[in-house]
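Asker: So that we are looking at the same thing, I have put the structure below in structure tokens.
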Amino acid sequence: MSNKFIGQSIKRREDKRFITGKGRYTDDIVLPGMLHAHFVRSPYAHARVSSIDLDEAKAMPGVIAIYTGDDLADVNGVPCGWQVNFRDGEAMREPKHPMLIPTGSTAKHVGDAVAVVIAETKDIAIDAAELVMVEWEELPAVAAPADALLPDAPKVHEQFPDNKAFDWTFGNPIEEVDAAMEKAAHITELEFVNQRVVPNAMEPRAYIGSYDETFDKYTLYTSTQNPHLIRLLMCAFVLGIPEHKVRVVGPDVGGGFGSKIYHYTEEALVTWSSKQLGQPVKWTSDRSEAFLTDAHGRDHATKAEMGFDADGNILGLRIKTVANMGAYLSTFAPAVPTYLHGTLLQGLYTTPKINIDMTCVFTHTVAVDAYRGAGRPEATYLLERLMDLAALEMGRDPAELRFQNFIPPFDGVEQPGYQTQVALQYDSGNYEAVLKRGLEMLAYDDFRKEQAEAAKTNKILGVGFSTYVEACGIAPSAVVGSLGARAGLFESAQVRVQPTGKVSVFTGSHSHGQGHETTFVQVVADKLGIPMDDVDLVHGDSDTIAFGMGTYGSRSLAVGGSAIVKSIDKILEKGGKIAAHKLECAEGDLEYAEGKWTVKGTDKSISFGDVALTAYVPHIYPAGLEPGLDFSSFYDPANFTYPFGCHIAVVEVDKETGKVTLKRMIAVDDVGNVINPMIVDGQIHGGLAQGIGQALFEGTIYDENGQLTNGSYMDYCMPRADDLPMFETDRQVTPCPHNPLGVKGAGEAGAIGSTPAVVNAVIDALWSAGHKPKDILMPLTSERVWQAMN
Amino acid sequence: MQLSGTHVLNAPVGRVWTMLMDPVTLARIVPAVSSLEQIDDNQYKALAEIKMGPVSGSFSGNLSLLNIRENEGYSLHVKQTSKIGNADALINIALKSLDNDQTELTFDGDARLSGLLARTGQRVISGVANTLTKQFFANFDEALIHE
Amino acid sequence: MQVEINVNGKARKAEVEDRTLLVYFLRDTLQLTGTHVGCDTSSCGACTVHLDGGAVKSCTLLAAQADGCSVTTIEGLAIQDTPTTMQLHPLQEGFKECHGLQCGYCTPGMIMTAADLLKRNPTPSEEEIRFALEGNICRCTGYHNIVKSIQWAATHTTKPEPNQQEEPIDADKHLFTNDVTTGEVVETH
């Protein structure tokens, strides 16, 4: 099997519709008779709905219906898909997340919806929503995770007075870690906040619910990363409607970064109301609503300690973290600070004893869930900040300290996978190689000389390192099931060979920028030895695709791609039987290459197209073999995949103003085999920008009343073109030993490694000039950096 | 949002006190307030038009006087709602008689904002508060001259 | 009120509310949905179009303010050869060539902003490109490949040979249902 397309930077097939303005996002879709919804939302972080007066709003011409929580008493809340129990066995606390807050109940974050107005136009719906009179009784609120645990903290849910959703311990017993730390010659301690950030996909969420009475069938168009998952959650847990009566379509989706994984109340509401009204109902979030209602990311307050012996070998790691869940438990929320975070705290190091202690709390803020990297950036931030700080404190070189503590190379084939102290077994890794390459690209020795010179001036320089490992290709169902997942995390794929030999591939993965329409087709065309033009990819529609778990956790190619390969294997096996029959030989005498079966050692062959035609016109056909050439497969991975890499940031800090300029961003990533280098580089670039964004620009600011005070692009600082340098990327390839493509996943890597690299670089710059801060609160604004020097 | 200010008025404390207790005068000197209607003892219904940076709106709500100490001061509780968000402020006003028939008026308090105001108005709000404070004292001076 | 705006070379007349923003006139009235809305504070640039030849954020203008003006949207940037084939603008080629887009949502605004830049400054430096893009937010690409795409376009102002072209691009049907080759004004619904 030759690789004509795999490994090539094939230009994306999806681009032509986007560059000509012909992408079709949910808000672009107009259905006949479509109505428009607008929500009345709580202006308070915590307030009781005393009464709702709809009279004036209902009287407005063009208003079709207004629903409040009292109309939805029979409808369930949106569910949580992952259960993490308290360490003492108490079940995770799962407060209802209602569609709309009923009268007498309390809104629990700014933006919690109390009513929905449905009208003939969006403008009318907005105008009428302003006439809905809600009488609020404002109550005290808490927004910061650590504050939620204070004895007199306002309660988010009356029934859970300590505001805890669950707590969790992982790794080695604390006594063992304490004992290891007692032997340490040096302990690096760091208290920090991994601040809350907003995913900010550029396309705001949008949904259209439509009910067809003739077929008793619903259609939901939704800006989602996983249409089938939304269908399952909405049908089985919220609305109680049968799944075969619901079609969920995820059309073109303008980015997700995690925020479009979850099942949101608005999705169920437009679907529900379309049946009540017999007309399609559309809702499109505006950016302000997105800030208030999209699931946010991160939000940890951590105290971490790393112990070293006199030679600099790591002896132990002890962590205590409070993680913010927000007001409700979002779909994957409990997994993020626990099994996607605690299990990654081995990092790339041979740390013998690790213990993590998490307390996950409710606050009067919108839910926190997975955001690009989900738990793994938090773990990497923690470890990599500790490593650079430890090097500074011990007078060691940060790169040297890492080389000394790295897990030695292992390929997962000759050498076994690496068993960590925190449950996971890494598949393959070569950590020294990525750091070595990174140092080469940096020209490390030259840099240190330059830095020493710069330290004498007002523009000081710093370098920050971050070497990370992540767990992707989420996930082996049995493993995640044992960890609390309420779903399997396999993927499905159907490969349908048409009678003329053209191929339609149906995948349960969903592309919202990742380029599946190109990369998946590269794989299929190569495996079948046919032109890419003969293959089309179909995704995002629950009526045409049997099932799917969707796209998140850098899983599409590793899991969804593997499912496709399984189907192709079945196609080739059956095709081989047909070919052998036509060529009058034994199957074992055939080999498949370049789109045809050939009798070994002869020039007798039959093409893929001829076999396909024969499968559908089975006149001369093996006895007992079914006609047709169409296979579905489900692939459940044997393990996570473990991409890793080295990110290095170089910053210049203006001593007069504290302004940080990112001069260089170097990324050497190992994501296993690469199908399309251009697309992988693009994924890394985007991740880097988001990670740099968290380090330097982004972060929510809540006031003491739980109001988000920077809920717009005027106030929330998104990274812009002139904030960033050209990125310097390179790659190493350590194939994944346990999936057929040897791929590991590249979607999140950039966002995982870059944040600590940038912060480390600023700290390094300050130490070079004689200031010795341990930490500066992210984002590293000029003011905060200046204060660290003054 | 913290609110505070101090200003010396050219009038004896008794006169200042009378003006502070008179809704008609108050409506005239409190900036942005377009009407003040008494609904109960020391309870008023107030309408105000305020522009804060990118957002502007008309506010309606209640204003009540608490903790009234003649010639010494009172607390002002303002609860306003609008399409662009709500404000809830408690402001303590204190009077101090000075020589030369002058009176020092000091106020300080805290305003809690919600909704769009809180989200997009915060950056500019202290500037707006300063402007309103200046206007308030200027209007007061003006009223003292003309009455 | 009634407005008449020349959009992508065709006069379009329609009744709009006084408060209708240009972007909603384009998206809702004309169903030219290539122009996107990414924020509500005129900060993200996804709605960028050309008004009388210069880039504007179409969410900051009322449709009424564009009355009598010419507007070019992303749908009108390529040269339409036949109803089903078009020659892409060099920037459109550049974005594809250099992987300047991922989810595609900011792309129309990016391309329209970049087209305005290249008109004013045909050979911009990297710094000038980044500065010009300051009003456009992309969350996917980290801007790296957008900068490269614009640099590519700046050096490829002439068309590639036809045999290097991709297959023809299907025309957007709703753009051509109201054909105005006769030059007469077309009423939209």
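Only the coordinates and a few stated rules stand behind these numbers; no lab work does. The structure presented is a predicted model; accordingly, all values stated were derived computationally and were not measured. Heads up, the Cβs are rebuilt from the backbone with ideal geometry, glycines too, and the neighbour counts pull from every protein chain shown.
Asker: Do me a favour and compute the ellipsoid semi-axes for the range A:184-286 from its Cα gyration tensor, root of five times each eigenvalue, largest one first, whole Å.
Answerer: Taking √(5λ) for each eigenvalue gives 37, 15, 11 Å, largest first.
Asker: Most exposed first by the Cβ proxy, i.e. fewest other Cβ within 10 Å, how do A:168, A:283, B:17 rank?
Answerer: Final ranking by Cβ density, sparse to dense: B:17, A:168, A:283.
Asker: A follow-up question, please. Label-point separation (nm) for residue B:68 and residue C:4, each offset 7 Å from Cα along Cα-to-Cβ?
Answerer: In this crude label model, residue B:68 to residue C:4 measures out at 6.6 nm.
Asker: Here's another thing I want to ask about it. For residue C:42 and residue C:157, what is the calculated FRET efficiency with R₀ set at 22 Å and r taken between the beta-carbons, to the nearest 0.05?
Answerer: The pair residue C:42/residue C:157 has a calculated efficiency of 0.10.
Asker: Could you give me the radius of gyration and the Dmax of the range A:97-197, taking only the C-alpha atoms into account and expressing both in angstrom?
Answerer: 22.4, 71
Asker: Cα extents of the protein assembly as shown along the three principal axes, largest first, in whole Å?
Answerer: Principal-axis extents of the protein assembly as shown (Cα, largest first): 118, 85, 62 Å.
Asker: Given the pairs A:527/A:574; A:4/A:744; A:574/A:600; A:566/A:604, which are separated by over 25 angstrom at their Cα positions?
Answerer: Cα-Cα > 25 Å for A:566/A:604; rest within.
Asker: Give the aspartates and glutamates reachable from residue A:58 as a straight Cα distance under 18 Å; neighbours fewer than 8 places away on the same chain don't count.
Answerer: Straight-distance partners of residue A:58: A:70, A:71, A:120, A:123, A:127, A:130, A:135.
Asker: Across 5 Å bins from the origin, how do the percents of Cα pairs in the range A:353-507 run, short distances first?
Answerer: Percent of Cα pairs in each bin: 2, 6, 10, 14, 15, 13, 11, 10, 8, 5, 4, 2, 1, 0, 0.
Asker: A further question on this structure: Among B:136, A:332, A:165, flag the residue with its Cα farthest along the positive direction of the charge dipole of the protein assembly as shown, charges on Cβ as +1 for Lys/Arg and -1 for Asp/Glu.
Answerer: Of the candidates, A:332 comes out farthest on the positive side.
Asker: Here's a follow-up. Could you work out [θ]222 nm for chain A from helices alone, using -39500 (n - 2.57) per DSSP H run of at least four and dividing by all its residues? Round to the nearest 500 deg cm²/dmol.
Answerer: Helix contribution divided over all residues of chain A: -8000 deg cm²/dmol.
Asker: Evaluate the relative contact order of the range A:119-224 (contact order divided by residue number), counting alpha-carbon pairs under 8 angstrom at least 6 apart; express in whole percent.
Answerer: This gives 10 percent for the range A:119-224.
Asker: Assuming R0 = 35 Å, can you tell me the calculated FRET efficiency for the pair residue B:6 and residue A:397, based on Cβ-Cβ distance, to the nearest 0.05?
Answerer: That gives a FRET efficiency of 0.05.
Asker: To continue, here is another question. Can you sort B:75, A:633 by how many other beta carbons sit within 10 Å, fewest first?
Answerer: If I rank by nearby Cβ atoms, fewest first, I get B:75, A:633.
Asker: How large is Rg over Rh for the range A:65-145, taking Rg from the Cα atoms and Rh as the Kirkwood inverse mean of 1/r across Cα pairs?
Answerer: 1.07
Asker: Given Cα positions, please report Rg to Rh for the range A:490-635, the hydrodynamic radius being the Kirkwood one.
Answerer: 1.01
Asker: If you project the alpha carbons of the range B:2-146 onto their three principal axes, what span does each projection cover, largest first, in Å?
Answerer: Extents along the principal axes, in whole Å: 45, 32, 26.
Asker: Taking the Cα centre as origin and putting +1 on Lys and Arg beta-carbons and -1 on Asp and Glu beta-carbons, what dipole magnitude results for the protein assembly as shown, to the nearest 20 debye?
Answerer: About 1460 debye.
Asker: Just tell me which lysines come within less than 29 Å, Cα to Cα, of residue A:320; anything on the same chain fewer than 8 places away is out.
Answerer: A:96, A:108, A:155, A:164, A:183, A:303, A:353, A:772, A:774
Asker: Could you please state, rounded to a whole Å, how far the C-alpha centre of the range A:209-243 is from the C-alpha centre of the range A:1-74?
Answerer: 14 Å
Asker: Ok, one more. How big is the range A:534-583 on each of its three principal axes, counting only the C-alpha atoms and giving the largest first in Å?
Answerer: 45, 23, 19
Asker: Run the quick spin-label model on residue A:51 and residue A:621: label points 7 Å from Cα toward the beta carbon, then report their separation in nm to one decimal.
Answerer: Once both label points are built, they end up 7.4 nm from each other.
Asker: If you don't mind, there's one more thing I want to ask. Where the centre of each part is set by its Cα atoms, how far does the range A:257-325 sit from the range A:169-198, in angstrom?
Answerer: Each part's Cα centre sits 24 Å from the other's.
Asker: Moving on. From the mean inverse distance of alpha carbon pairs (Kirkwood) and the Cα radius of gyration, derive Rg over Rh for the range B:73-147.
Answerer: Ratio of gyration radius to Kirkwood radius for the range B:73-147: 1.06.
Asker: Could I ask something else about it? Rounded to whole Å and ordered largest first, report the semi-axes of the equivalent ellipsoid of the range C:80-164 derived from its Cα gyration tensor (root of 5λ).
Answerer: Values for the range C:80-164, descending: 21, 15, 11 Å.
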